[in-house]
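Data block below; observations after.
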């Protein structure tokens, strides 16, 4: 493992622990050259998902892209990294049970379902981008659904 700071090729593991209910390992590392400390995660590589876009184009699934979108919706909200990791892990397991190829509609709707349970403000933020609200009326309709 290369040091992200000085790019040295020798690091040592200071601490290892299981995360995500034993589905990954979190390792605390230290560079033997510059003594910089950093964290790495080791996950089981599962069969990669293919995302079917709205225009029928296909592209590889990227966990980071989903995480970034969820974090954007949860900005300045009382949401932890662990909660987001749990959501993503749950959703990925659900999507893999559907098959190797998954439409963006299923991805977006399932993210919204999880965000609705976690934080209503994050849900509205994500929905406003995902559903591409064009005006205040469409935004208001979504808020009324949430209030019900």
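Remarks
- Any strands (runs of 3 or more DSSP E) falling wholly within the range 1-94 and containing at least 3 residues that are touching a strand residue (DSSP E or B) at 6+ places or on another chain (Cβ under 9 Å), free of Cβ contacts under 8 Å to residues at least 24 places away in the same chain and closer than 22 Å to residue 106 by Cβ: none
- Yes/no for residue 107 being within 25 Å of residue 59 (Cα to Cα), touching a strand residue (DSSP E or B) at 6+ places or on another chain (Cβ under 9 Å) and not in a helix (DSSP H, G or I): no
Taken together, the values in this text are just the output of simple stated rules run on the coordinates, not laboratory data. Treat the numbers as computed from the prediction; the structure is a model and nothing was measured. Every residue, glycine among them, receives a Cβ derived from its backbone with ideal geometry; neighbour counts consider all protein chains shown.
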